[in-house]
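Quick note: the coordinates plus some simple rules give every number you see, no bench work behind them. Small disclaimer: the values here were computed from a predicted structure and weren't measured. All Cβ positions, glycine included, derive from the backbone under ideal geometry; neighbour counts span all protein chains shown.
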Amino acid sequence: MGGFFGVAAKEDCVFDLFFGVDYHSHLGTRRGGMAVWGEKGFDRAIHNIENSPFRTKFDKDMQSMKGVYGIGCISDYEPQPLIVRSHHGTYAITTVSKINNVEALSKKLFENGHSHFLEMSGGDINATELIASLINQKENLIEGIQYALDEVDGSVSLLLMNDKGIYCARDKHGRTPIVIGKKEDAFCATFESFAYKNLGYSDYKELGPGEVCLITAKNCVTLVHPGDEMKICTFLWVYYGYPASSYEGMSVEQMRYNCGAKMAARDTVKPDVVAGVPDSGTAHAVGYANASGVPFSRPFIKYTPTWPRSFMPTIQSQRNMIAKMKLLAVEDLIKDKSLLIIDDSIVRGTQLRETTEYLLDSGAKEVHIRPACPPLVYGCKYLNFSRSSSEMDLITRRVIERLENGNVTDEILKEYTDPDSEKYEKMVDEICKELHFTSLRFNRLDDMLDSVGIDKCKLCTYCWDGRE
């Protein structure tokens, strides 16, 4: 995943830029970057943040960088922002993207005379460099930005900064957000809406799908009007988004309360307490407790003094170990209790299985698991939701493969996404047994979408039902 923040100000923007980017640290774990433009032209800093948070790594840069325009990012993948010199002049660019057709696009660019791409350490093309190359295919920036958004199979939102200001372009289907904030003599653009609140900005507007605007210290001017088709990622509310954020008018925290309440209304078990796996499961559990009357408890506490952010190694076995080490159990709240545990989702299932085994070994009578979203059956094509290299990393797909003896078709998969079907019930039973839960019940897709509270046709549900 990843997030970005941009500022256009009358005076120096670096203070706002530094803290605005830092507020996106929950969205990425590998690279951070800031670029500014001012009297001396462009200046940029990029650092590895795998072992140290953004604020620590960029503290010295914040003291030395000066500019009236600035963009920055937290990224899970490519180093950025990039500074590009082209026939459009020099500009800096940062993106939040997932590009499925990298090979086809790079081949097309080579055929059109593009000479080379710089490979990243893993051998991949830097996605932001690829977007910049697409923009440079057109005669002006606006046409170039629109061309890039149209050509990408996947999603891309971007901030592009030059001496005129900051061009903000939201993905053509609005899969990721861009929000504009305003204060005296400054505008900002951000992925997370809460990021500007403590910096003195107020809400100005949220860009629509495919909308392009230019922000300066004085104005926010729409250059390309939004399209009609919205498919924003529903996982922004369930998992990605920070509790203080809001998308399309619905706050993350409120949506999670709604989700928990919907789950409670359909449940039949009578646990002693309900708890959430920190952090994203907690609000869902609060909503469940408020609606059901079952007491809310915290048998897990996340250790934050040395893990204040979501650092995770790239090796899956190490990721599992780190996730386990972050959570500390309060055994007095576990022993002889029937526990209902809510997590945001089940992907591979490894961590929840180990958590459940630990709870049972610590004296819990029962451990009922309630994921806050439906079973993940399809790998996401639009956002970098996880590091899974194959859909077979999903526990649902492994169980379905086993139940169908390897004969899995699109039609069969559709049956497994129907919560009223026999195949769905069998899949859930098998997952429950494999992960050693006392019981397992997923949130229903219709209930989850109702919890968001916006038009369902505007929400992307591909990872749950395969509908694009």
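Listing for the model above:
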| item | result |
| --- | --- |
| Among (1) 1.00; (2) 1.72; (3) 1.07, the entry derived from the coordinates for Cα Rg over 2.2 N^0.38 Å | (1) |
| Cα-centred dipole magnitude for region 2-230, charges only on beta-carbon of K, R (+1) and D, E (-1), debye, nearest 20 | 400 debye |
| Spin-label model distance (nm) - Leu403 vs Lys426, 7 Å beyond Cα toward Cβ | 0.7 nm |
| Stokes-Einstein D in µm²/s, Kirkwood radius over Cα pairs - region 411-465 at 20 °C with 1.002 mPa s viscosity | 170 µm²/s |
| Range of Cα positions in region 2-230 per principal axis (Å), largest first | 47, 40, 33 |
| Projected-area mean, region 349-413, by convex hull of Cα positions, square nanometres | 6.0 nm² |
| The chain: calculated mean residue ellipticity at 222 nm from DSSP helix runs of at least 4, using -39500 (n - 2.57) | -9000 deg cm²/dmol |
| Phi to ³J(HN,Hα) by Karplus 6.51 cos²θ - 1.76 cosθ + 1.60 over region 428-437, Hz, x for Gly, Pro | 5, 4, 5, 5, 4, 5, 5, 9, 6, 7 |
| Positive-end residue of Ala35, Ile49, Phe18, charge dipole of region 9-62 with Cβ unit charges | Ile49 |
| Reach of Lys423 by Cα under 18 Å, taken over lysines that are not fewer than 8 positions away in the same chain | Lys414, Lys433 |
| Nearby lysines by direct alpha-carbon distance to Lys57 (threshold 20 angstrom, same-chain neighbours under 8 apart not counted) | Lys66 |
| From phi via Karplus (6.51, -1.76, 1.60), per-residue ³J(HN,Hα) for region 59-67 in Hz, x at Gly/Pro | 4, 5, 4, 4, 6, 9, 6, 9, x |
| Percentage relative contact order, the chain, counting C-alpha pairs under 8 Å, at least six apart | 12 percent |
| Residue among Pro299, Pro79, Gly174 farthest towards the positive dipole end of the chain, charges placed on Cβ | Pro299 |
| Long-range amide H partners of Arg175 with built H, under 5 Å | Lys231 |
| Extension gain, Asn140 back to Phe110 (0.36 nm per residue minus Cα-Cα distance, nm) | 8.8 nm |
| Residues Arg370, Arg467, Arg170 arranged by fewest to most Cβ contacts within 10 Å | Arg467, Arg370, Arg170 |
| Pairwise FRET efficiency - Thr90 versus Asp12, Cβ, R0 = 25 Å, nearest 0.05 | 0.80 |
| Check: the chain dipole with +1 on Lys, Arg Cβ and -1 on Asp, Glu Cβ, in debye | 880 debye |
| Electrostatic dipole magnitude of region 254-465 [Cβ: Lys, Arg +1; Asp, Glu -1; Cα centre; debye, to 20] | 740 debye |
| Kirkwood hydrodynamic radius over Cα pairs of region 254-465, then Stokes diffusion coefficient at 20 °C and 1.002 mPa s, in µm²/s | 121 µm²/s |
| Compactness of region 379-438 - radius of gyration and Dmax, Cα, Å | 12.2, 34 |
| Farthest toward positive dipole pole in the chain [+1 Lys/Arg, -1 Asp/Glu at C-beta], among Gly70, His116, Val274 | Gly70 |
| Lysines with Cα under 18 Å of Lys218, excluding same-chain neighbours fewer than 8 positions away | Lys10, Lys164, Lys182, Lys183, Lys205 |
| Table column - 3J(HN,Hα) (Hz), region 167-180, Karplus curve with 6.51, -1.76, 1.60, x for Gly and Pro | 7, 10, 10, 8, 2, 5, 10, x, 5, 10, x, 9, 10, 9 |
| Between 0 and 90°, nearest 10: helix 102-111 axis offset from the chain longest Cα axis | 20 degrees |
| Length added when fully stretched, Lys365-Val221, from 0.36 nm per residue minus Cα-Cα | 45.8 nm |
